[in-house]
Amino acid sequence: MTVNKLKFWVTSTGLMILILALLKFIVHAVTFDNYELHRDAYLYYALSEHLAWGYVAVPPSIAVIGKVATTLFGNTVFGLRFFPFLIGAINVIIIGMFTRDLGGKKIAIALACLAYIFSPAYLHVNTLFQPVAFNHFFWLLSGYLFYKLISIGDPKMWLWIGIVFGLGFLNKYSIVFLYTSFGLSMLFSRYRKLYLSHYFVYAILIALFIISPNLYWQYDNNWPVLQHMEELRRTQLVHVQPLGFIVEQLLMNAQALFLWIGALLILLFNKKERQYRIFAYVYILVFVLLLAGSGKPYYTLGIYPILFVFGGYFTQKYIVRYLKPVFVTLVASMALGLYFSLPFDGIPFISFEKALNKGAFRWEDGEQHDLPQDMADMTGWKAIGEAVSAIYLDLGEENQDNCHIYCYHYGQAGAIMFYGKKHNISQPISPNASFVFWSPDNISKDYVIYVHSDLGNTVNPDSLLPTYFEEVELKKVINDPYFRENGTRIYLCHSPNEKVKKRYLDMMKSLKERYR
């Protein structure tokens, strides 16, 4: 970093960007314990305990971030949420720098940054320990680098683009949609001559080098990600409706609707801005690709901060006479938009009690429910983890090594790992997600702590378990009315018979064969 670049951060504009970034971080830091970790966060934590170049559903980066977080902060909710908070603040800085490089002054920069800070969608995302939070960073940084590439015409920028694509791919595969859109948009623009540079070839080689360990892992394990996508399409994406997808695009960032739609229209139709028109084409292509692929509406969220940047810049450029009143009006509308969104997507602010609204929320199963799905997935897990830990400890040291812990899905298993690590709890078994890789091939112990879930499970454990074990005792029922899986039952079972051993052996053999 040059001296001039360092000096920028002590100017009034630089300090404003840093203050806005700090505001974004503080909002999350003071609300981090309003909810438990999300169901998916427990899976990503479990991945961090089994570092590898790939997993069934995601690339390896989230596991590495989780390992760094728990190493620094221990097994804490704050620890796993720290880096999503931090990446949100870094996004504010990139938005500020992007807007400044376009030619935006303080008002333009503030508008673009505040559109992101006041967005209920990004407040929601940066509360979650999930790859999607980091995905937005890679999309935004990619947009900034493509802007630098076309604005200064320096083909060496391809090298940075190759690096960012590679790292972004190791975080979330959906970055392919963004780069496909940029690739096609540039191919049919005056910037296609940049493809003739040998630096473009170097960028491809760099990207392939970065992603090759993950690609080899996928190949070596029979492409689990393709199997996961097929399951996702069958169970969740089938419920995505085109009209709903389109409406959600308007609602997710409704607080800055005029800003980003205005930017999109100017990019498309204003001849004075045609040098940046490819960014409008990129938005349209991302939108079309995800709509055609039945992607979830939030898959597009990575592209909107780029439109915020252009929206802030165009507001300053084309609204000169009434710029200050327009600025105040837009910021006020952002604040009001956030306020009115709270009953519908109030993470990280609203309580469970205030969010309750009979049948008002459509989940990924296509049904209407009383709470937002993510909120219902952010409670109950600590109770499961602590209950299983207590049962495990009650067995005494002489029996703890003689006990399996069986869970229906990764949320339960990950929560038990997270809250049970201080007790050196044994690795839970689950036929779900990457836990298949870590689960034993057969039942070899005398005790089994069985965690049941009614989520997509028609089995009645009270009648089934006695046919598999000599002794079955119901030890705990989770009582949390806001929990998506309220009523989860936890059993202590003793002396498994040959019937259950064979059933488990056949099940695990079948599951593991999928990845061979």
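The values are calculated or read from the model by the stated rules, or taken from the named source; none is laboratory data. Here the structure is a predicted model, which means the values were calculated and not measured. Note: ideal-geometry Cβ built from the backbone for every residue, glycine included; neighbour counts use all protein chains shown. Accessible surface areas use protein heavy atoms only, side chains included; no ligands, DNA or RNA. Shrake-Rupley method; radii C 1.70, N 1.55, O 1.52, S 1.80 Å.
Just checking, which of Phe169, Phe209 is of a type outside the set (Ser, Thr, Tyr) and either open to solvent by 80 Å² or more (accessible area, probe 1.4 Å) or farther than 16 Å from Phe138 by Cα (or both)?
Numbers: Phe169 fails: either open to solvent by 80 Å² or more (accessible area, probe 1.4 Å) or farther than 16 Å from Phe138 by Cα (or both).
The conditions single out Phe209.
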Notebook entry, point to check: Does region 475-488 contain any residue that is crowded, with 21+ Cβ neighbours inside 10 Å, in contact with a Pro (Cβ under 9 Å, 6 or more places away or on another chain) and aromatic (Phe, Trp, Tyr)?
Noted result: no
Checklist line | Condition check for Ile26: in contact with a Leu (Cβ under 9 Å, 6 or more places away or on another chain), modelled with pLDDT of 95 or more and open to solvent by 20 Å² or more (accessible area, probe 1.4 Å) | finding: no
Margin query: If I go through region 271-283 residue by residue, how many of them are surrounded by 15 or more Cβ atoms within 10 Å (Cβ to Cβ) and either of a type outside the set (Ser, Thr, Tyr) or modelled with pLDDT under 95 (or both)?
Written below: 6
Note to self: I need the full set of residues from region 434-466 which are among the charged types (D, E, K, R) and part of a loop (DSSP other than H, G, I, E, B), in order please.
What the structure shows: Asp441, Lys445, Asp446, Asp454
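From the list Ala110, Ala46, Ala21, which one is touching a Leu at 6+ places or on another chain (Cβ under 9 Å) and either surrounded by 15 or more Cβ atoms within 10 Å (Cβ to Cβ) or on the phi > 0 side of the Ramachandran plot (or both)?
Working: Ala46 fails: touching a Leu at 6+ places or on another chain (Cβ under 9 Å); Ala21 fails: touching a Leu at 6+ places or on another chain (Cβ under 9 Å).
Sole residue among the options that is touching a Leu at 6+ places or on another chain (Cβ under 9 Å) and either surrounded by 15 or more Cβ atoms within 10 Å (Cβ to Cβ) or on the phi > 0 side of the Ramachandran plot (or both): Ala110.
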Next item on the list: Name the one entry in Leu243, Leu232, Leu250, Leu237 that is under 30 Å from Trp53 (Cβ atoms), aliphatic (A, V, I, L, M) and free of Cβ contacts under 8 Å to residues at least 12 places away in the same chain.
Entry: Leu232
Item checked: Residue list for region 136-148, restricted to those being in contact (Cβ under 8 Å) with a residue 40 or more places away in the chain, open to solvent by 10 Å² or more (accessible area, probe 1.4 Å) and either among the hydrophobic types (A, V, I, L, M, F, W, C) or not in a helix (DSSP H, G or I) (or both) -> Phe137, Phe138, Leu141
Next item on the list: Could you grab the pairs with beta carbons closer than 9 Å, sequence gap of 6+ or different chains, first residue in region 355-369 and farther than 13 Å from Thr235 by Cβ and open to solvent by less than 80 Å² (accessible area, probe 1.4 Å), second one assigned to a strand (DSSP E or B) and of a type in the set (S, T, N, Q)?
Entry: Gly359/Gln368; Ala360/Gln368; Phe361/Gln368
Notebook entry, point to check: Looking at region 441-458, which of its residues are open to solvent by 50 Å² or more (accessible area, probe 1.4 Å) and out of contact with any strand residue (DSSP E or B) (no Cβ under 7 Å at 6 or more places or on another chain)?
Noted result: Asp441, Asn442, Ser444, Asp454, Leu455, Gly456, Thr458
Note to self: Can you tell me which condition Phe340 does not meet? The list is (1) under 25 Å from the mean Cα position of the chain (by Cα); (2) in a helix (DSSP H, G or I); (3) in contact (Cβ under 8 Å) with a residue 12 or more places away in the chain, and all the others hold.
What the structure shows: (3)
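Can you name the residue in region 302-334 that is farther than 19 Å from Leu250 by Cβ, touching a residue at least 24 places away in the same chain (Cβ under 8 Å) and surrounded by fewer than 20 Cβ atoms within 10 Å (Cβ to Cβ) and is also nearest to the chain's Cα centre (by Cα) among such residues?
In this case the residue turns out to be Val331.
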Check: Taking region 223-267 only, how many residues are more than 15 Å from Glu364 (Cα to Cα), open to solvent by less than 40 Å² (accessible area, probe 1.4 Å) and in a helix (DSSP H, G or I)?
Finding: 12
Next item on the list: Give me the pairs, please: first residue somewhere in region 410-436 and surrounded by fewer than 21 Cβ atoms within 10 Å (Cβ to Cβ), second residue anywhere and at pLDDT below 95 and among the aromatic types (Phe, Trp, Tyr), beta-carbon distance under 9 Å, and either six or more positions apart or on two chains.
Entry: Pro431/Tyr408; Asn432/Tyr408; Val436/Tyr515
Next item on the list: Please enumerate the residues belonging to region 121-135 that are touching a Leu at 6+ places or on another chain (Cβ under 6 Å) and either free of Cβ contacts under 8 Å to residues at least 24 places away in the same chain or not in a loop (DSSP other than H, G, I, E, B) (or both).
Entry: Ala121
Item checked: Failed criterion for Val58 (all others in (1) surrounded by fewer than 23 Cβ atoms within 10 Å (Cβ to Cβ); (2) among the β-branched types (Val, Ile, Thr); (3) closer than 30 Å to Leu215 by Cβ hold) -> (1)
Item checked: Pairs, first under 30 Å from Gly346 (Cα atoms) in region 3-30, second among the aromatic types (Phe, Trp, Tyr) and in a helix (DSSP H, G or I), C-beta under 7 Å, six or more apart -> Phe25/Phe85; His28/Phe85; Ala29/Phe85
Checklist line | Matching residues, region 172-196, being more than 21 Å from Tyr281 (Cα to Cα) and surrounded by fewer than 17 Cβ atoms within 10 Å (Cβ to Cβ) | finding: Leu196
